[in-house]
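Beneath this line is the structure, given in structure tokens, with notes to follow.
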Amino acid sequence: MTGEKLAQRNYYGKALAELAKENPNVVVMDADLAGSTKTSEFQKVCPERFVEVGIAEQNMIGIASGLAAAGKVVFASTFGVFATGRCWEQIRLGVAYPKLNVKIVATHCGISVGEDGASHQALEDIAIMRSLPNMVVVAPADAYEAFAATKVLASYDGPAYMRMGRADFPTILEPDVEFRIGKATVLREGADVTIIGCGQMVSSCLGAAAELEAEGVSAEVINMSTIKPIDREAIEQSVAKTGCCVTAEEHSIIGGLGSAVAEVLCDGACVPLERVGTKDTFGESGKPDDLMVKYGLTTADIVAAAKKSISRKG
């Protein structure tokens, strides 16, 4: 873990700025939040291929699908609650169904959005996007992986959704990290329990593994940065070794990473699974760190879930 705190959205903006020079087919769109989502970095380099639609997310997706049908690679950005909720029908019929080359990249996801409160805390976005056929769903673990994933998504031919947080949080990967769609990464090997995380929760998973090690428990940590298509092989190989599993996500446990892992386990290795995430609830306004504690999204919560999962082994 490098430990430097960086915001994923800043590195999304850096990647877009590079793509502006590298790929003349890339078009970037925003819905009045370019300064927050950092699509403004693309606008500075290439204003002629930047489209600001105003507060009109449904129109943004409609225009994005039209541009993609004409051969463009379109990145469309806004906050997670608006990107996946307000324009779901336009995404379903205008992007996913015709399998168009639109990348919906959302910032300000999860409860760590903080003081903006429940109305702006996307806790259902993975579930909404994961249920759509043809849609790739990505949740990078840190700023460096967000940069790498943006570059890869620009080369991927098809629809994709990528979620990122708002705040700066610790980097855990190297600046030149390789990202591959559908491939998980084992960050730490272990024998007693598998801990699978996505997004900023991956750093908490590593912290939990270190605490468990001090108590004599060997935890394997997997960064599941692509939630769909999920890396079934990585899950099956790990739980075959450890015999139990924990998932950790800054999202509802309904329909998110935990559900995706449960679906894999139901098909094969039926091992104990504990899910760390928000428990069928909306968030509230508050300090991000306080909210992570109140809603059970801390390193201590992952440690407790790991011990419970181990205790359930047959």
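The values are calculated or read from the model by the stated rules, or taken from the named source; none is laboratory data. Nothing here was measured: the structure is a model prediction, and the numbers come from that model. Note: ideal-geometry Cβ built from the backbone for every residue, glycine included; neighbour counts use all protein chains shown. Protein only, heavy atoms only, side chains kept; ligands, DNA and RNA dropped before computing areas. Shrake-Rupley method; radii C 1.70, N 1.55, O 1.52, S 1.80 Å.
Which whole-number percent is the relative contact order of the range 17-77 (Cα, under 8 Å, 6+ apart)? Please list the in-between numbers first.
On the way: 84 pairs, mean separation 27.0, N = 61.
For the range 17-77, the relative contact order is 44 percent.
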Q. Rule-of-thumb check for the range 1-91: C-alpha Rg over 2.2 N^0.38 Å?
A. 1.10
Q) How high is the relative contact order of the chain, in percent, counting Cα pairs under 8 Å that sit 6 or more residues apart? A) 18
Q: May I ask for the Rg/Rh ratio of the range 253-301, computed from Cα atoms with Rh as the Kirkwood radius, given to two decimals?
A: 1.08
Q. What residue among 46, 205, 266 shows peak mean-square fluctuation when the chain is described by a Gaussian network model with Cα springs under 10 Å?
A. 266
Q) By how many nm would the segment from residue 313 to residue 93 lengthen if fully extended, with 0.36 nm per residue of separation less the alpha-carbon distance? A) 74.8 nm
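Can you tell me how the range 159-310 classifies by the Cα gyration tensor, rounded, prolate or oblate, using a/c under 1.5 as the rounded cut?
On the way: a/c = 1.30, a/b = 1.15, b/c = 1.13.
Because its axes are fairly even, with a/c under 1.5, the range 159-310 counts as rounded.
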Q) For the range 152-210, which semi-axes, largest first and in whole Å, follow from the square roots of 5 times the eigenvalues of its Cα gyration tensor? A) 24, 15, 11
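Show 108, 120 ordered by accessible area, largest first, where the area counts protein heavy atoms only and the probe is 1.4 Å.
Values: 108 5, 120 55 Å².
Highest to lowest solvent-accessible surface, that is 120, 108.
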Q) Which one of 223, 23, 134 has the biggest mean-square fluctuation once the chain is modelled by GNM with Cα springs under 10 Å? A) 23
Q | Inter-part distance where the range 168-227 and the range 1-71 are each reduced to a Cα centre, Å | A | 29
Q: Quick one: accessible surface of residue 36, probe radius 1.4 Å, all protein chains present, in square angstrom to the nearest 10.
A: 40
Q: Any chance you could look up the accessible area of residue 291 with a 1.4 Å probe, heavy atoms only, rounded to 10 Å²?
A: 10
Q: Pop out the ³J(HN,Hα) list for the range 143-158 in order, Karplus 6.51 cos²θ - 1.76 cosθ + 1.60 with θ = phi - 60°, rounded to Hz; leave Gly and Pro as x.
A: 5, 5, 6, 4, 4, 5, 5, 4, 5, 5, 4, 5, 8, 7, 8, x
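Express the Stokes-Einstein translational diffusion coefficient of the range 98-238 in µm² s⁻¹, to the nearest whole number, given a Kirkwood radius over alpha-carbon pairs, 10 °C and a viscosity of 1.306 mPa s. Intermediate results must be reported in sequence, preceding the final value.
Working: Rh = 15.8 Å.
Answer, rounded: 101 µm²/s.
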(Q) Output wanted: per-residue J couplings in Hz (rounded whole) for the range 89-106, from phi through Karplus 6.51 cos²θ - 1.76 cosθ + 1.60, θ = phi - 60°, x for Gly and Pro. (A) 5, 5, 5, 4, 8, x, 10, 5, 4, x, 6, 8, 7, 10, 10, 8, 10, 10
Q: Using a Förster distance of 22 angstrom, determine the FRET efficiency expected from the C-beta separation of residue 155 and residue 36, and round it to 0.05.
A: 0.25
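Using only the alpha carbon atoms of the chain, find the Kirkwood hydrodynamic radius as the inverse mean reciprocal pair distance, in angstroms to one decimal.
Values: mean 1/r = 0.0519 Å⁻¹.
By the Kirkwood definition, the hydrodynamic radius is 19.3 Å.
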**Q.** GluC sites (Glu not before Pro) lying in DSSP loop within the range 216-283, provided at most 13 other Cβ fall within 10 Å
**A.** none
Q.
As a test question: what accessible area, to the nearest 10 Å², does residue 225 have when a 1.4 Å probe is rolled over all protein chains in place?
A. 0
